[in-house]
Amino acid sequence: MSAVFAQSEPETEADVTELARRALEHWGVRDGEPELLKYRENAVFRIRLPDGQPAAMRIHRPGYHSDAALSSELQWMGFLQSAGVATPSPVPALNGDLFVPVGTGTAAPRQVDCLSWLEGRAVGARGVPLGYAPEQARQVFTAIGRTIARMHNAAAGWATPPGFARHAWDFDGFFGATPIWGRFETCPFLDDTSRELVFRAHEKAVAALSRHERSARNFGLIHADLVRENVLLDGDAIQIIDFDDCGHGWHVYDLAVALYQNRHEAIYPLIEASLLDGYRQERDLTPEDIASLPLFSALRAFAFLGWVQSRVEGDVNRNAGMRISAIAADVVAAYLRGM
């Protein structure tokens, strides 16, 4: 997910597939057909490299990441993999670059990269109830919590390379003039009652975040989009994918995002307790950190409302917009109630 971007990307699956075909030669693939897996914000293809290994090719939407920001994302993923956090690794092009510009001659070139393939399956899907028995859920979310903490620990000990550039999920990233995922105020899917709740919650959150601790202890590089689809299970191992929105932010935001989709699960208290317990097995959480979870859940709700309103004319249909906005309104209402 991303901020508002220019609607200059190819309009059809055929367009992005042709771009992927052109990009294959940069990885030495002469005979092969890219398989489109996802065509949402980035287009993601499964390809076969010359050695027969599968890889994920991403064609990035225009205008979201500068070359420096994309290079920084790939560098961090490579570091995490080397530090023992299971993530895809960048697969350099034949010329050694981590990504290449590819165009068709009729549109501006797009950034294209390749990542190593992970065989895990997603923890769950958006809008679909989890099917885990309580003990299985405890094991899964404890492992996810440990993995998030290990990711934060690794990032805290990493000296970022010169030129490293990523956006910040800080006060301005949520409430500045140009929030990362767009402004929430004009979201068309809120009724008058929900809109009034959102504005009251916004006032409370602005005050709370402006005085919230920000230090090396609780702020650093985060994934920022740990939804169910971006956390994979491979046996007992946890794998993290889709670092497209990674940046600098509060560690608790990663935990709040990982919990956000699970709020309506019957076993939510078990899910939350397991995630936090797993995290604390690897990295400290203070009582203040845990108490701030409702704030950071509300921040995720504001981000979602901004994301939805920035895509009304694009890839968000009314049903999806209504569902996402209703969940966000429920989250901010709980925040106002002090839950």
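The values are calculated or read from the model by the stated rules, or taken from the named source; none is laboratory data. A quick note: this is a predicted structure, and the numbers were derived from the prediction, not measured. Neighbour counts run over all protein chains shown; Cβ positions are idealised from the backbone, glycine included. The accessibility values were calculated without ligands, DNA or RNA, using every heavy atom of the protein model including side chains. Shrake-Rupley method; radii C 1.70, N 1.55, O 1.52, S 1.80 Å.
Summary of computed values
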| quantity | calculated |
| --- | --- |
| Qualifying residues in segment 240-287 (those that are under 22 Å from residue 173 (Cβ atoms) and out of contact with any helix residue (DSSP H, G or I) (no Cβ under 8 Å at 6 or more places or on another chain)) - the one surrounded by the fewest Cβ atoms within 10 Å (Cβ to Cβ) | 248 |
| Residue match in segment 232-240 (condition: at pLDDT below 95, in a loop (DSSP other than H, G, I, E, B), farther than 15 Å from residue 329 by Cβ and of a type in the set (Asp, Glu)) | yes |
| Residue that is most open to solvent (accessible area, probe 1.4 Å) [pool: residues in segment 65-79 that are over 24 Å from residue 148 (Cβ atoms) and out of contact with any strand residue (DSSP E or B) (no Cβ under 9 Å at 6 or more places or on another chain)] | 66 |
| The one condition in (1) within 18 Å of residue 224 (Cβ to Cβ); (2) crowded, with 19+ Cβ neighbours inside 10 Å; (3) at pLDDT below 95 that residue 58 fails to fulfil | (3) |
| Failed item in (1) modelled with pLDDT of 95 or more; (2) open to solvent by 30 Å² or more (accessible area, probe 1.4 Å); (3) within 23 Å of residue 153 (Cα to Cα), with residue 206 passing the rest | (3) |
| Residue tally, condition closer than 26 Å to residue 285 by Cα and either part of a loop (DSSP other than H, G, I, E, B) or of a type in the set (A, V, I, L, M, F, W, C) (or both), over segment 125-148 | 6 |
| Every residue from segment 211-231 that is outside any loop (DSSP other than H, G, I, E, B) and of a type in the set (A, V, I, L, M) | 221, 222, 231 |
| Restricting segment 86-140 to residues that are β-branched (Val, Ile, Thr) and farther than 26 Å from residue 49 by Cα, the residue that is most open to solvent (accessible area, probe 1.4 Å) | 106 |
| Checking residue 290 against (1) modelled with pLDDT of 95 or more; (2) open to solvent by 50 Å² or more (accessible area, probe 1.4 Å); (3) within 18 Å of residue 180 (Cα to Cα); (4) among the β-branched types (Val, Ile, Thr), the condition it does not meet | (3) |
| Test result for residue 296, assigned to a helix (DSSP H, G or I), in contact (Cβ under 8 Å) with a residue 40 or more places away in the chain, touching a helix residue (DSSP H, G or I) at 6+ places or on another chain (Cβ under 9 Å) and more than 30 Å from residue 136 (Cβ to Cβ) | no |
| Residue list for segment 31-48, restricted to those being touching a helix residue (DSSP H, G or I) at 6+ places or on another chain (Cβ under 8 Å) and not in a strand (DSSP E or B) | 32, 33, 34 |
| Residues within segment 153-199 that are basic (Lys, Arg) and out of contact with any helix residue (DSSP H, G or I) (no Cβ under 6 Å at 6 or more places or on another chain), tallied | 1 |
